[in-house]
Each structure stands twice: as structure tokens, then as C-alpha cells.
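The values are calculated or read from the model by the stated rules, or taken from the named source; none is laboratory data. Here the structure is a predicted model, which means the values were calculated and not measured. Neighbour counts are summed over all protein chains in view; Cβ atoms, including those assigned to glycine, are modelled from backbone coordinates with ideal geometry. When the accessible area is computed, the model is the full protein with side chains, heavy atoms only, and any ligands, DNA or RNA have been set aside. Shrake-Rupley method; radii C 1.70, N 1.55, O 1.52, S 1.80 Å.
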Amino acid sequence: MKWDICDPSVQYLLHLGDDALILGHRLSEWCGHGPVLEEDIALSNIALDLVGLARQYYQLAAERVGGGCTEDDLAYWRSDREFRNHVLVEQPNGDFADTMARQLFFDAFHYLQLEALQNSGDAQVAAIARKALKETTYHAEHSADWVVRLGDGTEESRRRMAAALERFLPFTAELFTPAEVDRVAFERGWGPDVASLKGPWDHLVLEVLQKATLERPEVPHKLLRGKSGIHSESLGFLLAEMQSLPRAYPDATW
Amino acid sequence: MAPTVDLEARFLDYVAAENKVEPKDWMPDAYRKTLVRQISQHAHSEIVGMLPEANWITRAPSLRAKLILLAKVQDEGGHGLYLYSAAETLGTSRDQMVDDLLTGKAKYSSIFNYPTLTWADMGAVGWLVDGAAIQNQVMLCRTSYGPYSRAMVRICKEESFHQRQGYEIMMHLARGTQEQKAMAQDALNRWWWPSLMMFGPSDDKSPNSAQSMAWRIKRKSNDDLRQEFIDKTVPQAEFIGLTIPDPDLKWNEERGHYDFGAIDWTEFFAVVAGNGPCNTERLEARRKAHADGAWVREAATAYAAKHSARRAAPSPAASKAHAA
Amino acid sequence: MSTPEQWPLWEVFVRSKNGLSHKHSGSLHAPDAEMALKNARDVYTRRSEGTSIWVVPSSAIVASAPDEKEVLFTPSDDKVYRHPTFYEIPDEVGHM
């Protein structure tokens, strides 16, 4: 990366943007392959919202980096060690229940995060959050709708949904474990103390699980440090695909 | 009861006078069958057509390009949905139509059996394939069957950005580095002839054409549409410095149209018969999505059945207030 | 009719802005009313055309049935002379 991205406010924006971009990218992989046409369209809408949100964070970050840095420089020219997203969002899609479990967990967190960010001391972040909150409310309804239907649907869907919760719940501890980027953001008044979001998150998720007649699985938490740039092996492949064109033709503009 | 032949002749007069036919109106059986075949084929083309472009969503070279491509492919899903809905008004269920696609009984536009190999193909598909499709769709906005015509009006309104974004990609590439320009020309070379084939065989070899014209389902002949498309597209290629891969292409002052070389219809019929480069992959992908989604669709139905009691209609007064 | 795998059909009506009435936009498949509303939002208001959406099960719509002769063909009924079969031409004359 030829740009200096060490500035803490840039790091925080990258963290926020990376979650949105990587999850949006994963959801976009469903496009053309959804379980039913109507759902294909719904998943694409959510992916569009998320990639659109990532652009807003990156544009702001690029402006602060200065010197002509662009949103695409930040998305396409950082290595996986420089990405600051949660490990949860980079996990492969799995089946539709897996995608909905990952989505439910992230949407609930994202909703609470944006709610707090509306009052961010960083006025530009607050403005982005206010707009995104509306979209995210819809995302959270969408994933909750599906978790409820799959949990309380057929035997097969119930089994798959329960397995999906078990697969992704261990990734959620990272959401509430402050990393350097969170600590700095909290100290400077840009973002919430993520540990404080755990209670409300538990409440939101439990409410959905109860409607879905599903138990919250008892699973140990994974030790994850995606926010510090230590990711799962899958992110490298995701980025290799995503970044391939600009890197194959470094002199080209698109 | 008037004899059927009489009704059919009157029906011809009726549509010839530019009247629209609506779902519950009487229509000849063959008209209904032709429409179901054509509309569902059109819907399948939108759905299968998502695949070659979705192939590049995860590799779009900029965030802007990623958003545009995703929105475009999503639109195609929406268009497929509008068209399935239009066909359903004729009494054929979407399930049946999807089944016909997956078993290979129904066709879709054979253009989607070609691979998308480079980013320039996203440009060529938007510019040429959508361009050719729009040529056809604009005509179909005036088709005689009401629901089809209304779906087309909606689709044309939404499609307008599709061709422009494709051309924009080509323009950027054609004005970019040597490698980008070569990529653009290569894409044009590969997509040009298949795009011309999209309009279908010549009118003298297209037996259903005349009947469709009489029914006002179709408003222009395959050859006329193809000529319009070529006349429109050649100057667009010249403008960005790309060469149409047809040595016989020449402006004919007398005709006021471009003359063009012979189309290789053996290739067209081979692809239609299932032997194009990607026929197998495209159908496989649709079958897999459908099969993998079966338990999801069943689950939602089971849930709805369990909870239908709770959703029973509220009192009339309450529902009136709610609806307003 | 719907099978476990095929969801029922819903008709979608969208009010594109306040002051206008809801207008039929099209239809879609959904397992229940809640999902039908959400799908309608995704499918029919992708370009944010709507301020209010109604969804109605297609099976709940009662439609008048046009009489096959009288409604569709009324215009030509009183102008039978415009109709080719009005004229009796002997078969021997051939196609005309």
C-alpha cells in the first residue's frame, strides 16, 4: 500500500467500510443463484446497500488520507493484513441458512453500532450512520424473517438453521471484544464501546430465536483478531478474486 | 355460439385495429400458446442471462462498477419476474415454466450460452446484447397482449441504463491502455455475430413470424430489427475507434442502410440445439439453484401454514382502516 | 394453486406518491403476507417508486368475466361487412 493509512480516524473508517464491503461482496455471490427469484432480488438489494455504504466510508477515508488517494485504492490495493473487518463477515456463504445466520448476527450488531454512530463525535460518520440505519433496519428484519421461517419451518430447515447458528455464533464474540481500532474510536468519541453493545445484541438475537422456536446454542467463543488484521484463510481468496483486475493491469483505469 | 373460425377472424380484426387483449378475453388457443412460449422464453432469457454477468460481479474493477453491475443483474432478475407474472395471467404457473426450463423443454436466448471471459465482455454484453434486446423490447411495448405490453413498458424504462453502462465500459477500455483497447476489440469480435443472431433467422426461414405479426404480437420482422440494430451500432463502434468484425460491412447509399456479411446460421442452430460453449454450465447452474432452494421454499410454506390462523383476516372495519 | 415448493401469487399495488391512488404494479410469489410486502418493496420499488404498498392474494380477487362475444368483439358486431367471412365467395374462386 503506497498510501499512509495509519491515521486512527482513517483506520476506524476502514474498519467500518471493510465490514460493509466484505459482507456485501459475500452476499453478491448469491446473485443469480438464490433459492427463489424474489429472494435473489432481496439479497442483491442488501448487497447493494452494503457496498454503497462501504464506498461512503472509503471516500471519507480517502479524503483524509489525501494526496489523490481514492476509494478504489483503499478497496483494491490493501493486502488482507490491512483489512480491518470482523472475521464473521468474510466467512463463506454456505447454504441459505448459513447466510441468514451470519446475516442475523451481523445485522443486529450493525443496527446497534449505527444507532450509536448517529451520535458520533465525527460529524461525517454520524451523517453516514443516520442514512444507513434505515437500510440496516430493513436488513435486520429480512434476516430475522428468514431465521424465524427456517427455524419454525420444516424439520430439514430447522436442522439446517440450528447448525448454522452453531457454526456462526462462535464468531460473534469478536464483535464485542474491543480491538485497538475500537479503543481509540471510543476514547476519541467517534464510536461506541463495543462491549456495551453485547447486552442489547443478546436481547435482539434472543427475541428472534424465540420466535424461531430455536435454542441459543452453547458454543465456545473463537479467539479472533480480524480487526487487527489477522483474518481467516478465506479472506485471502476473496481478495484475490476481488482485486484481480486492478492488480493485473496496474496502469489501467476503469 | 358462433363458429370458432368466425371468432378467430374477428379476433384478427380486433388486434389489427390496435386493440389490446386482456387475460380474461377470448383468444385463439394458438395465440395463447404462442404467447406462453414467447413470454416464458423471454423470462428464462432474463434469468439465465443473469449468469454470464454475475460471473464478473465479484471481480468488478472498481466499487462503482461493482454496484452498477450488481444493480443491472438484479434488474434482470426483476424483469424475469415481471415476465413470468405476465405469462401466468395466461394460465401457466411459474413452477411449470421453470420446470420446462430445467428439463430443457423450454428455450432461452442462445446468446447466454457464450462465456464472459474478460471485463470487456461486461461492456460488450451491455452494449450489444442489451442493445439488441432493447431493439426487440421497444417493439414489444406495443404488443397486442396487455400484460406482456405493460411488463415491456416497465422493462424498457428500467433497461435504458443497461446499454449505456455497457457502452461506457467499452468507451473507457477503448480509450485506455493498449491492453485495454485490445480487450475491448476482442470482446466486440466475439459478441458481434452472436448479437446479430439474437434477432432470429431471416423472415423467409421463420415460419411463425407471419402469424405473430398478424396477431400483432410481433410488430417488426427479424430482418428489419436486425438492420435497425446494425445501422445504429456501427457508428457507435466507429466513435470509440473499434472495428466491427465484418469485412463485408459497407454503407449502401441507395438502400440507406449498411450491407453486411452472411450470418453463420449453422453456429446459431448448433447453440440452440444445446451445443454452445456454455449450455451445460448455464442449465446446471439453474438446476442447482433450484434444487438447493427447494428446502427453503418448502420451509416458508410450512411456516405460513402453521401461522395462517394468526394472520386470519381482521374485522372489516379494521382492515379498511389498515388498507387506507 | 400452490405446492409446498411454489408459493402463492400476490398482486402488488403501489402508491407512487401521496395524493395518488394505488396502482397495480404487477405480481409476485411469496409464502405469506409479510414476505409478500417485503418482496414487493424489493421487486417493485427498486428505484424507490413507492410510498405505500398493498399486496393482495391473487386468489382473493374477484374479477368480472367479459362475455366472449359481446365485450371483446362489440366494435365489429355492427360492422359485419368489415369481416371477410361476411361475403360468400364460391370455393372455386380460390383464396381471396
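How about region A:14-42: which of its residues are touching a residue at least 60 places away in the same chain (Cβ under 8 Å), within 13 Å of the chain's Cα centre (by Cα) and within 14 Å of another protein chain (Cβ to nearest Cβ)? Hits for region A:14-42 are A:L14, A:D18, A:L21, A:I22, A:L23, A:H25, A:R26, A:L27.
Within region C:3-65, considering only strands (runs of 3 or more DSSP E) that don't extend past its boundaries, which have at least 3 residues that are crowded, with 19+ Cβ neighbours inside 10 Å, among the charged types (D, E, K, R) and touching a Pro at 6+ places or on another chain (Cβ under 9 Å)?
In region C:3-65, there are no strands (runs of 3 or more DSSP E) which contain 3 or more residues that are crowded, with 19+ Cβ neighbours inside 10 Å, among the charged types (D, E, K, R) and touching a Pro at 6+ places or on another chain (Cβ under 9 Å).
Can you pull out the helices (runs of 4 or more DSSP H) entirely within region A:175-252 that have at least 1 residues that are more than 29 Å from A:S9 (Cα to Cα) and either without any contact (Cβ under 8 Å) to a residue 40 or more places away in the chain or touching a helix residue (DSSP H, G or I) at 6+ places or on another chain (Cβ under 6 Å) (or both)? By residue number, A:198-211, A:244-248. In region A:66-92, the residues that are free of Cβ contacts under 8 Å to residues at least 60 places away in the same chain and more than 14 Å from every other protein chain (Cβ to nearest Cβ) form Cβ pairs under 9 Å with partners that are surrounded by fewer than 21 Cβ atoms within 10 Å (Cβ to Cβ) and not hydroxyl-bearing (S, T, Y), at six or more places apart or across chains, as follows: A:G66/A:W3. Quick one: is B:G274 open to solvent by 20 Å² or more (accessible area, probe 1.4 Å), at positive phi and over 19 Å from the mean Cα position of the chain (by Cα)? When the stated conditions are applied, B:G274 does not pass them. Within region B:222-264, being among the polar types (S, T, N, Q) and part of a loop (DSSP other than H, G, I, E, B) holds for one residue alone: B:T243. Here is a check on your reading of the model: is A:E63 over 15 Å from the mean Cα position of the chain (by Cα) and more than 29 Å from B:A291 (Cβ to Cβ)? Yes; evaluated as a whole, the condition is true for this residue. Of the residues B:Q185, B:Q163, B:Q135, the single one that is over 20 Å from C:H24 (Cα atoms) and without any contact (Cβ under 8 Å) to a residue 40 or more places away in the chain is B:Q163.
Among the residues of region C:12-27, none is identified as more than 15 Å from C:T45 (Cβ to Cβ) and touching a helix residue (DSSP H, G or I) at 6+ places or on another chain (Cβ under 7 Å). Residue pairs whose Cβ atoms lie under 7 Å apart, sitting 6 or more positions apart in sequence or on different chains, and linking a residue in region B:11-22 that is within 9 Å of chain C (Cβ to nearest Cβ) to a partner that is open to solvent by 50 Å² or more (accessible area, probe 1.4 Å) and part of a helix (DSSP H, G or I), are B:D13/C:R82.
The helices (runs of 4 or more DSSP H) found wholly in region B:50-141 and carrying at least 2 residues that are away from chain A (no Cβ under 14 Å) occupy B:94-102, B:130-140.
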